[in-house]
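Data first, discussion second: the structure below is written as structure tokens.
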Amino acid sequence: MRLHFIGVGKMGLPMALHLRASGAELSVSDFDAARCSLATEQRLTVATDTAQALKQADGVFSSLPHDAALLKVAEQVATHAKPGTFWVDTSTVSLTASATAARICAGAGIEHVRTTVSGNNKMAEAAQLTVLASGPRTTYDRVLPLLQRWGPNQFYLGEAEQARLMKLVINLMIAQTSAMLGEALTLGRKGGLDWHDMWRVMGASAVASPIVKAKSAQLSERDFSATFTVNQMIKDLDLILGAGSEHQVPLPQTALTRQLMDAARAHGDAEADYAAIIKAVERSAGLST
């Protein structure tokens, strides 16, 4: 099987490496020359002509940063890939852009599966992602052995945009968890609780969700180096609020979390981990960060 992967960023590169391990003949491309260089260092074949790579591919995968990139790739796939080719996209994008991309592909006979993933780049490297899929069921069944290369859990959710929406639902909860931690930890710290003690107790308590445990080792040392940045979370929160507006669902807590992310960005934490929202709450309480 011949595959082409577009978008070898922090998530796309390890996912592409896992596909290569399946034994498929794989080429890759990216809009960023630096990412292509990193792919070459990993001994991936970087296509010099994306259009030609798409013409030769039996399947296309992509991991893209935003709506505009998704729609650009949709046009490329529809123009150059042969009918019957499958396109598996893993991007976090708006429901509107996703539906538009699907229509573009359908008009060209391309079988489009939306397969958003839950997890960060470290989980991608370790093949521990959760895959959320929607689109034609027969195509999903066809690509499932490849999706299983990315992690132990795969969920098929429906024929249309369910995977995109489910990813936004999950990211809403992740963002709100960071806001909750900000308020709780700031209250404790302002009241005299030791920072390390709070993390130890939370990790042994009823609120020790997987995301809290995953963040504990890093944040207990006040290490805000990014697995997913404030800027990236702001982008996703805008998508979440847009989906809420589209479906007439009020999301007032999410809107406040979005504002707190702006406060973190304004204080220079745009490229820090999204958990830097904790520092934004601390500043509002007069604490040093």
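The values are calculated or read from the model by the stated rules, or taken from the named source; none is laboratory data. This structure is a prediction, so every number in the text was calculated from the model and none was measured. As a convention, Cβ positions derive from the backbone with ideal geometry for all residues, glycine included, and neighbour counts pool all protein chains shown.
Data for the structure
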read-out	value
In segment 152-161, the residues that are over 11 Å from Thr115 (Cβ atoms) and surrounded by 15 or more Cβ atoms within 10 Å (Cβ to Cβ)	Ala160, Glu161
Subset tally (residues that are assigned to a loop (DSSP other than H, G, I, E, B) and either crowded, with 18+ Cβ neighbours inside 10 Å or in contact (Cβ under 8 Å) with a residue 60 or more places away in the chain (or both)) for segment 203-244	4
Of the criteria (1) of a type in the set (Gly, Ala, Ser); (2) under 20 Å from Thr227 (Cα atoms); (3) surrounded by fewer than 19 Cβ atoms within 10 Å (Cβ to Cβ), which one Gly107 fails	(2)
Members of segment 213-225 that are of a type in the set (A, V, I, L, M, F, W, C) and at pLDDT below 95	Ala214, Ala217
Residue in segment 264-279 that is without any contact (Cβ under 8 Å) to a residue 12 or more places away in the chain and under 20 Å from the mean Cα position of the chain (by Cα) present	no
Any hit, segment 172-182, residues being closer than 30 Å to Thr257 by Cα and touching a Lys or Arg at 6+ places or on another chain (Cβ under 7 Å)	no
Breaking point among (1) closer than 20 Å to Leu95 by Cα; (2) buried (at least 21 other Cβ atoms within 10 Å of the Cβ), for Ala124	(1)
Residue check, Thr79 farther than 25 Å from Leu241 by Cβ and either surrounded by fewer than 16 Cβ atoms within 10 Å (Cβ to Cβ) or not aromatic (Phe, Trp, Tyr) (or both)	yes
Residues of segment 23-53 classified as assigned to a loop (DSSP other than H, G, I, E, B) and more than 24 Å from Thr92 (Cβ to Cβ), total	6
Pairs with Cβ under 7 Å, 6+ apart, first in segment 38-49 and among the charged types (D, E, K, R), second modelled with pLDDT under 95 and assigned to a strand (DSSP E or B)	none
Qualifying residue in segment 213-224 (condition: closer than 28 Å to Arg164 by Cβ and of a type in the set (Phe, Trp, Tyr))	no
Some residue of segment 185-199 being charged (D, E, K, R), at pLDDT below 95 and more than 25 Å from Ala255 (Cα to Cα)	no
Matching option when the condition is crowded, with 19+ Cβ neighbours inside 10 Å and over 17 Å from Val113 (Cα atoms), among Ser91, Ser29, Ser37, Ser62	Ser29
Hits in segment 145-159 - residues which are over 19 Å from the mean Cα position of the chain (by Cα) and on the phi < 0 side of the Ramachandran plot	Pro145, Glu159
Some residue of segment 173-189 being among the aliphatic types (A, V, I, L, M), under 21 Å from the mean Cα position of the chain (by Cα) and not assigned by TED's automatic domain parsing to the domain that holds Ile240	no
Qualifying residue in segment 245-262 (condition: within 20 Å of Asn121 (Cβ to Cβ), surrounded by fewer than 20 Cβ atoms within 10 Å (Cβ to Cβ), free of Cβ contacts under 8 Å to residues at least 40 places away in the same chain and within 23 Å of the chain's Cα centre (by Cα))	no
Members of segment 265-289 that are of a type in the set (A, V, I, L, M), in a helix (DSSP H, G or I) and surrounded by 15 or more Cβ atoms within 10 Å (Cβ to Cβ)	Ala275, Ala276, Ile277, Ile278, Ala280, Val281
All positions within segment 138-151 that are surrounded by fewer than 17 Cβ atoms within 10 Å (Cβ to Cβ) and either small (Gly, Ala, Ser) or within 17 Å of Asp89 (Cβ to Cβ) (or both)	Arg142, Leu144
Sole exception among (1) at negative phi; (2) touching a residue at least 24 places away in the same chain (Cβ under 8 Å) for Arg103, by number	(2)
